[in-house]
Amino acid sequence: QEGMPQTLTSTSMFTPCSFSPHLHTAKEDEQGGLIFQDGNLTSASLDALIQHLIPTTDYYPEKAYIFTFLLSSRLFIEPHELLSRVCHKCIEQQRLDDPVLDKARIRKFGPKILQLLTEWTETFPYDFQEERMIGHLKDMIHRIAPCDEAYWKKMNQLLQTLNQKLATLSHGQEGIVKISAAVSDKLVAFKSKPPSIQREILSVCSDPYTLAQQLTHVELERLSHIGPEEFVQAFVHKDPLDGTKPCFSEQKKTSNLEAYVKWFNRLCYLVATEICMPAKKKQRAQVIEFFIDVARECFNIGNFNSLMAIISGMNMSPVSRLKKTWSKVKTAKFFILEHQMDPTGNFYNYRTALRGAAHRSLTAHSNREKIVIPFFSLLIKDIYFLNEGCANRLPNGHVNFEKFLELAKQVGEFITWKQVECPFEQDANIIHYLHTAPIFTEDGLYLASYESESPENQTEKDRWKSLRSTILGKT
């Protein structure tokens with residue numbers, strides 16, 4: 001009796017290891033569809049790739065293939081169109097249109113098509129926000145259900161899980177506090193007044209370990225909403241072989257990815273604002289030291305995104321020009337961190353640290369050791385260069401599958417990381433502050449910085465003067 005393919009929880013599906021060519025020994029598939037090299041699928045026509053995705057009574061595609069193809073196919077064909085073609089081919093191949101169904105045969109095929117649909121809904125739930133997708137799904141089940149009662153139950157389970165997942169995801173998107181942009185340049189005027197008007201980070205959380213843990217909460221929460229397909233959709237260009245229409249006519253579905261980049265920028269500016277705000281040099285130095293400790297703890301946790309945002313905030317000119325303030329800071333720890341995130345050699349040091357964290361994650365015994373939060377804009381940049389660096393299609397019109405295996409490897413690793421449960425207790429008060437505390441614009445930061453330590457040269461003096469008049473209305 002044919003065993004059910006297991007559903008995925010582990011990372012197995014995301015490591016495109018050996019693709020055993022399905023019944024093909026020659027370098028080139030006899031149908032001229034799939035081309036293998038050393039047992040790895042390297043290229044094929046889109047039709048052959050779609051065929052390779054479709055289960056039969058005695059074939060089920062490998063997990064790594066399913067993930068890679070579902071991830072990359074959207075560069076050539078919209079998901080609803082792909083699912084429609086998969087369903088049509090199944091109906092044809094399994095003769096699901098026949099007035100009398102071959103029940104024995106369909107009982108062999110049924111579990112496999114259900115498994116494929118389950119994997120699709122689990123890994124790319126956002127695809128199913130479209131009515132058409134759900135339509136194809138239900139139609140398929142209605143055709144096979146007469147052969148086995150259990151298929152109805154299976155479908156209800158699948159749809160329930162999917163609805164829950166989509167509800168959680170959309171709730172999460174709304175739940176993220178709408179980040180107020182720079183409402184706060186007016187705060188500069190408060191610098192001379194008692195600080196009670198503006199709460200500052202140290203009054204909300206004075207323990208660097210706690211803040212690093214709450215930042216990790218925010219990061220993992222935001223990561224959990226990013227669908228793997230967003231990495232591919234961010235780079236959807238017109239496919240030259242598709243005539244005129246770009247593959248995605250609707251707006252690019254990358255809102256979670258963009259929201260995450262905005263959060264990084266907000267954290268940079270929040271750090272800089274907190275440092276430039278205090279009127280006294282001693283307090284500013286204290287805030288800098290506090291953030292250095294927070295950044296260090298982020299590094300230890302494996303939260304490289306917050307770490308990089310904090311370092312970037314400290315390196316903004318309005319902060320780095322505060323020479324008198326920095327002279328009061330024990331900077332040795334800061335230089336160590338900066339060295340870790342040094343961009344030289346294409347971020348060599350950071351990449352080494354990231355590999356270390358990724359390795360720790362694989363052998364982890366606790367959720368805490370599993371945490372890997374990559375420096376996100378670099379991950380996007382890597383994926384961007386991978387995408388720009390080689391063509392989606394080969395000159396003969398074949399899909400360049402080798403490229404997509406590499407893409408799936410990078411995105412797949414990220415998917416594993418984003419599924420980690422945050423082990424730290426959540427502090428709603430601190431998280432609210434991180435999302436809503438007012439931050440300066442760049443101009444506001446410069447003005448606050450000049451108010452703290454006077455301009456050193458003519459250029460700074462002129463800038464200070466113009467900022468005082470535009471922001472404070474003073475001459």
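Answer with yes or no whether residue 78 is of a type in the set (D, E, K, R), under 29 Å from residue 164 (Cβ atoms) and either open to solvent by less than 10 Å² (accessible area, probe 1.4 Å) or not assigned by the TED database to the domain that holds residue 387 (or both). So residue 78 fits the description; yes. Filtering region 418-430 to residues that are open to solvent by 20 Å² or more (accessible area, probe 1.4 Å) and part of a helix (DSSP H, G or I) leaves 418, 428, 429.
Counting only helices (runs of 4 or more DSSP H) wholly contained in region 29-122, the ones carrying 1 or more residues that are of a type in the set (Lys, Arg) and free of Cβ contacts under 8 Å to residues at least 60 places away in the same chain occupy 63-72, 79-93. Scanning region 327-352 for residues that are open to solvent by 40 Å² or more (accessible area, probe 1.4 Å) and under 18 Å from residue 313 (Cβ atoms) turns up 333, 335, 336, 338, 339, 340, 342, 343.
When residue 208 is tested against (1) open to solvent by less than 30 Å² (accessible area, probe 1.4 Å); (2) not assigned by the TED database to the domain that holds residue 376, just one condition goes unmet, and that condition is (2). Mind listing whichever residues of region 275-304 are touching a Lys or Arg at 6+ places or on another chain (Cβ under 9 Å) and either surrounded by fewer than 20 Cβ atoms within 10 Å (Cβ to Cβ) or under 23 Å from residue 222 (Cα atoms) (or both)? Correct list: 279, 281, 282, 286, 289, 293, 295, 296, 301, 302. Within region 404-417, restricting attention to residues that are more than 16 Å from the chain's Cα centre (by Cα) and in contact (Cβ under 8 Å) with a residue 24 or more places away in the chain, the residue that is surrounded by the most Cβ atoms within 10 Å (Cβ to Cβ) is 404. Going by the conditions given, is residue 319 touching a residue at least 60 places away in the same chain (Cβ under 8 Å), touching a Gly at 6+ places or on another chain (Cβ under 8 Å), in the same structural domain as residue 260 (by the TED database) and part of a helix (DSSP H, G or I)? When the stated conditions are applied, residue 319 passes them.
The values are calculated or read from the model by the stated rules, or taken from the named source; none is laboratory data. Fair warning: this is a prediction, and the values are worked out from it, not measured in the lab. So basically every Cβ, Gly included, is an ideal-geometry build from the backbone, and we count neighbours across all protein chains shown. Ligands, DNA and RNA are stripped out before the accessible areas are found, and what is left, the full protein with its side chains, is counted by its heavy atoms. Shrake-Rupley method; radii C 1.70, N 1.55, O 1.52, S 1.80 Å.
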